[in-house]
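One structure is given here, and the rest of the page talks about it.
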2 protein chains.
Amino acid sequence: MKILVPAPLTASAFAPFGQVIAVDAAKRHFSINGGNTERYHDLAELDPGPDGKLIVSIFRGQPRTLPFAVEMMERHPLASQAFMPLADEPYLVVVAKPGPAPGPDDLVAFLAQPGQGVNYAAGVWHHPLLALNRICDFLVVDRSGPGDNCDEVSLSTPAMLHLP
Amino acid sequence: MKILVPAPLTASAFAPFGQVIAVDAAKRHFSINGGNTERYHDLAELDPGPDGKLIVSIFRGQPRTLPFAVEMMERHPLASQAFMPLADEPYLVVVAKPGPAPGPDDLVAFLAQPGQGVNYAAGVWHHPLLALNRICDFLVVDRSGPGDNCDEVSLSTPAMLHLP
């Protein structure tokens, strides 16, 4: 069985799948509000897709226990989906590049730290929310609009996700 | 001098100015991800304005000390601006209804708790970020686009903001 061990989440490692939303991933930042505030600017390629609009929601996820069997993946073909953790806990991200339904060997796992969000580009396969340690809230920016924007696939054989 | 004492932030009290982004302000929530996750759905009226697009940024604010003299206000006439706290700290919100430049008696103050974000509707006067206790990060969803989207006004006399 395929063993998945998450790598640290960095902007460069995650680039094939979308963007990391974090101060140290900012291409540009500048001072505002008379010097009180630093603005880390435009951190994600938000994409509402055709006829869609962006909405903001909170996802409250139950924690997963490890090792965790990755048995399915999903994608949103029409639009991006961004997650920003509101709890001071790490979480896991499992992704695969856009294209045909992924197999276990196509999966890539990351361990995200508090203060690191992710924005999945349209069509990027990903596992649903993988909170750790306790119930965790995430701010989510995704699409509302017409059409079917969620595909799910079962993996032919599960992959087992372990902590490093 | 006008004394401003913040009220608790609730969806109904804040309704003239925009929306509270919080699980207990959700009009609708439902289970997703095979029962793992509760989705508190579509919590803010995000408004990119004419020819604008929504972007996501992080604001890192220095804490304010109280009592604090409110000497100016600003507004974004073209679009909404949403703030979600990423730190486990309260913060202050000072607003005034859209319209002519506000005076001290037009100001309304709220004490926001961790887990409570705010979305200012287009044209709502508000004071820049008022973090408390320590340096605090906020996820911000606002507008990128052409045109001047920030008006600032000085108050004729300051208002003094105290904690309750």
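Overview of values
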quantity	calculated
The stretch B:109-164, subset under 14 Å from the mean Cα position of the chain (by Cα) and polar (S, T, N, Q), residue surrounded by the fewest Cβ atoms within 10 Å (Cβ to Cβ)	B:113
Given (1) modelled with pLDDT of 95 or more; (2) under 26 Å from residue B:127 (Cβ atoms), number of the condition residue B:1 does not satisfy	(1)
Selected residue (criterion: nearest to the chain's Cα centre (by Cα)) from residues of the stretch A:67-80 that are open to solvent by less than 10 Å² (accessible area, probe 1.4 Å) and closer than 26 Å to residue A:52 by Cα	A:80
Residues that are farther than 15 Å from residue A:57 by Cα, free of Cβ contacts under 8 Å to residues at least 40 places away in the same chain and part of a loop (DSSP other than H, G, I, E, B), drawn from the stretch B:1-43	B:10, B:15, B:36
Failed item in (1) out of contact with any strand residue (DSSP E or B) (no Cβ under 6 Å at 6 or more places or on another chain); (2) more than 30 Å from residue A:137 (Cβ to Cβ); (3) aliphatic (A, V, I, L, M), with residue B:135 passing the rest	(2)
Counted residues, the stretch B:135-164 - those being more than 15 Å from residue B:94 (Cβ to Cβ) and assigned to a loop (DSSP other than H, G, I, E, B)	7
Some residue of the stretch B:82-92 being facing chain A (nearest Cβ under 8 Å), under 19 Å from residue A:58 (Cα atoms) and open to solvent by 20 Å² or more (accessible area, probe 1.4 Å)	yes
Residue check for residue A:104: in contact (Cβ under 8 Å) with a residue 24 or more places away in the chain and more than 12 Å from chain B (Cβ to nearest Cβ)	yes
Residue, nearest to residue A:119 (Cα to Cα), within the stretch A:48-66, restricted to residues that are open to solvent by 40 Å² or more (accessible area, probe 1.4 Å) and touching a helix residue (DSSP H, G or I) at 6+ places or on another chain (Cβ under 9 Å)	A:60
Conditions (1) more than 22 Å from residue B:80 (Cβ to Cβ); (2) open to solvent by 20 Å² or more (accessible area, probe 1.4 Å); (3) within 13 Å of chain B (Cβ to nearest Cβ); number of the one not met by residue A:40	(1)
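Yes or no, residue by residue, for (1) under 24 Å from residue B:23 (Cβ atoms); (2) under 16 Å from the mean Cα position of the chain (by Cα):
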position	(1), (2)
A:65	yes, no
A:94	no, yes
A:100	no, no
A:104	no, no
A:107	no, yes
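Yes/no matrix, rows are residues, columns are (1) touching a Gly at 6+ places or on another chain (Cβ under 9 Å); (2) part of a strand (DSSP E or B); (3) within 12 Å of another protein chain (Cβ to nearest Cβ):
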residue: A:45; (1), (2), (3): yes, no, yes
residue: A:51; (1), (2), (3): yes, no, no
residue: A:54; (1), (2), (3): no, yes, yes
residue: A:57; (1), (2), (3): no, yes, yes
residue: A:60; (1), (2), (3): no, yes, yes
residue: A:65; (1), (2), (3): no, no, yes
residue: A:71; (1), (2), (3): no, yes, yes
residue: A:74; (1), (2), (3): no, yes, yes
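The values are calculated or read from the model by the stated rules, or taken from the named source; none is laboratory data. What you are looking at is a predicted structure, and each value in this text was computed from that prediction instead of being measured. Ideal geometry is used to build each Cβ from the backbone, glycine not excepted, and the neighbour counts take in all protein chains shown. Ligands, DNA and RNA are stripped out before the accessible areas are found, and what is left, the full protein with its side chains, is counted by its heavy atoms. Shrake-Rupley method; radii C 1.70, N 1.55, O 1.52, S 1.80 Å.
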